[in-house]
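Student: Structure incoming, see below.
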Amino acid sequence: FISSCLAVSKSVVVGGVGVLLLRRKILDKSALAVISKLVFNVLLPCMLFVRTGSSMSWANLVAWWTLPLLAFVNLSIGALLGLGLTRWFLTHLEDTAKPVVVVASALGNSGSLPFMLVETVCAPYGPLRDEVSCPNGMAYVSVYLLIINLSMWSIGYHYMTKGITVHKGGFQRVQTETVETDNKTVTSSEMGEEDIEQEAVADTNIPIVMSSKPIYIFQRFSGVWGGIKSMLKRLIKPPVAGVLLGCITGLIPPLHFALFNNQGSLKVFTDSVDSIGDGAIAISIMLLGASLADGPSTAASWMSKRVVTLIGIVRFILLPLFGLLFVTFLRFVDVLPPNDRLFQFVGVLEFCVPTAMNINLICQMTGHAEKEVGTLLFWQYLLSAVSITVWVMVFVSIFS
């Protein structure tokens with residue numbers, strides 16, 4: 001119990017420093033925004049690249065196949081529980097609020113918190129300090145969270161913006177409106193962003209002349225390629241790119257030797273990147289603390305105590321229980337790496353963390369439910385200090 005408390009206390013202390021920095025006005029909101037961009041675009045990708053690449057190999061990739069499976073099960077169960085809340089317990093919520101409940105139930109913290117927890121349980125005072133697989137801990141988390149992050153910025157983003165139109169001033173419900181296009185009737189709710197932009201161009205009454213079939217085909221191809229690039233830009237965020245690049249370089253033997261072996265010709269480059277990424281976790285946790293320093297919003301319209309409590313029950317009680325049962329089943333059928341307690345710990349860790357902070361980022365991007373999600377995150381991260389301590393103790397005792 002003491003070692004579990006110490007492991008979680010490290011995150012609490014580092015987060016408290018962020019609160020203190022903001023309260024003492026050593027940092028302000030604009031500085032936090034700049035540091036957040038630095039961490040997101042530079043420090044975290046550098047750390048993930050080195051940690052993932054140094055541990056990645058074809059043998060490990062085969063041995064770790066259950067991590068993506070666990071991530072998929074985690075997302076699926078969380079989404080089903082969230083849908084259950086909106087269907088049976090929170091039926092009074094508006095249609096634009098229900099997707100937020102589902103996504104908040106399904107997506108856990110996929111950033112700094114899991115990395116900090118794995119780092120602390122493997123520290124000299126941590127409960128898993130004797131595990132020989134501790135050097136692979138960050139790679140375990142990276143592979144697991146790769147699925148979570150891709151799902152967040154694809155399915156999660158699309159689902160949260162379902163039924164709203166995004167603009168700088170906020171959001172509004174999409175009104176169904178019949179439009180005639182190319183002798184085919186569609187509704188405005190079925191039209192994508194590119195279709196809406198094309199309709200706007202058409203309204204300017206500027207004639208567009210299709211001079212020949214090759215030019216038309218080229219224009220169609222350009223439109224498709226533009227859509228693909230837009231989708232990839234939304235999916236492949238810098239931390240995800242760091243993990244993918246680490247996987248690629250780790251799986252190519254010549255590159256793996258050159259970058260990660262002590263005698264490699266590019267080891268000095270890897271050491272430099274590693275030095276840049278060393279502060280990523282601590283700074284991220286400080287930013288997390290600073291972002292919660294203002295407390296819950298008093299203007300959160302539909303995020304009542306009932307909603308916060310129900311989502312908390314899903315994330316802190318039901319999901320960890322499902323995760324524990326599923327990992328126990330995988331142990332029983334003998335598909336997990338043998339005698340690797342850290343691997344099993346990482347497998348259930350994401351089941352017990354609070355809702356992802358990036359959901360707040362999606363709300364800021366869309367202008368939708370910012371205050372409500374901010375209130376939810378404040379109470380969840382406040383309570384997570386206790387719940388994570390309990391679950392870490394349970395997981396370690398069961399997997400010992």
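The values are calculated or read from the model by the stated rules, or taken from the named source; none is laboratory data. Computed from a prediction, not measured in an experiment: that's the story for all the values here. Using ideal geometry, Cβ is built from the backbone for each residue, glycine included, and neighbour counts are taken over all protein chains shown. Calculation scope for accessible area: heavy atoms of the full protein, side chains included, ligands and nucleic acids excluded. Shrake-Rupley method; radii C 1.70, N 1.55, O 1.52, S 1.80 Å.
Student: What order do you get for 235-243, 109-117 when each peptide is scored by the mean count of other beta carbon atoms within 10 Å, highest first?
Tutor: Working: 235-243: 19.9, 109-117: 24.8.
Top of the packing list down: 109-117, 235-243.
Student: Sort 280-293, 330-343 by packing, meaning the average of other beta carbons within 10 Å per residue, with the highest value first. Walk me through the intermediate numbers first.
Tutor: Working: 280-293: 22.4, 330-343: 14.3.
The densest-packed peptide leads the list: 280-293, 330-343.
Student: Just reorder Y144, Y125, Y381 by solvent-accessible area, largest first, 1.4 Å probe, all chains present. Before the final figure, lay out the partial values.
Tutor: Numbers: Y144 5, Y125 90, Y381 25 Å².
Ranked from most to least accessible, the order is Y125, Y381, Y144.
Student: If you rank L38, L376, L146 by how much accessible surface each has, with a 1.4 Å probe, what is the order from largest down?
Tutor: Values: L38 90, L376 0, L146 25 Å².
Result, largest first: L38, L146, L376.
Student: What net charge is computed for the residues neighbouring I388, neighbours being all others with C-beta under 13 Å from the C-beta of I388, Lys and Arg scored +1, Asp and Glu -1?
Tutor: Working: positive: K10, R315; negative: E350.
Combined, the nearby Lys, Arg, Asp and Glu give +1.
Student: Shape verdict for segment 30-118, please, from the Cα gyration tensor: rounded (a/c under 1.5), prolate (a/b greater than b/c) or oblate. Please list the in-between numbers first.
Tutor: Working: a/c = 3.92, a/b = 1.42, b/c = 2.75.
Here segment 30-118 falls in the oblate category.
Student: Right, next: Please calculate the 1.4 Å probe accessible area of S57, with all protein chains present, and give it to the nearest 10 Å².
Tutor: Rounded to the nearest 10, the figure is 40 Å².
Student: Follow-up question, since we're still on this one. By how many nm would the segment from R129 to S230 grow when fully extended, if each residue of separation counts as 0.36 nm and the alpha-carbon distance is taken off? Write out the running numbers ahead of the final one.
Tutor: Working: separation 101, 0.36 × 101 = 36.36 nm, distance 4.33 nm.
Contour length minus Cα-Cα distance gives 32.0 nm.
Student: Shape call for segment 6-75 from the C-alpha gyration tensor, a ≥ b ≥ c root eigenvalues: rounded (a/c under 1.5), prolate (a/b greater than b/c) or oblate? Walk me through the numbers before you get to the answer.
Tutor: Numbers: a/c = 2.74, a/b = 2.03, b/c = 1.35.
Because a/c hits 1.5 or more and a/b exceeds b/c, segment 6-75 counts as prolate.
Student: Working out 0.36 nm times the residue gap between D28 and L245, then minus their Cα-Cα distance, what length gain in nm do you get to one decimal? Intermediate values should be presented prior to the final figure.
Tutor: On the way: separation 217, 0.36 × 217 = 78.12 nm, distance 3.37 nm.
Here the segment from D28 to L245 would lengthen by 74.8 nm.
Student: For I252 and K37, FRET efficiency with R0 = 25 Å and r from the beta-carbon atoms, rounded to 0.05? Can you show the working numbers first?
Tutor: On the way: r = 31 Å, r/R0 = 1.23.
That pair, K37 with I252, gives E of 0.25.
Student: Same structure, new question: Over segment 315-387, what lengths in whole Å, largest first, do the semi-axes of the equivalent ellipsoid take, defined as the square roots of 5 times the eigenvalues of the alpha-carbon gyration tensor?
Tutor: Values: eigenvalues 204, 32, 19 Å².
Semi-axes from the Cα gyration tensor: 32, 13, 10 Å.
Student: Next question, about the same structure. Counting Lys and Arg as +1 and Asp and Glu as -1, what is the net charge of the other residues whose Cβ lies under 12 Å from the Cβ of V308? Working shown, then result.
Tutor: Details: positive: K305, R306, R315; negative: E372.
Around V308, the surrounding residues sum to +2.
Student: Can I ask one more? Out of residues 5 or more away from G108 or on other chains, whose amide H comes under 5 Å of its own, with H placed 1.01 Å from N in the peptide plane?
Tutor: Correct list: A356.
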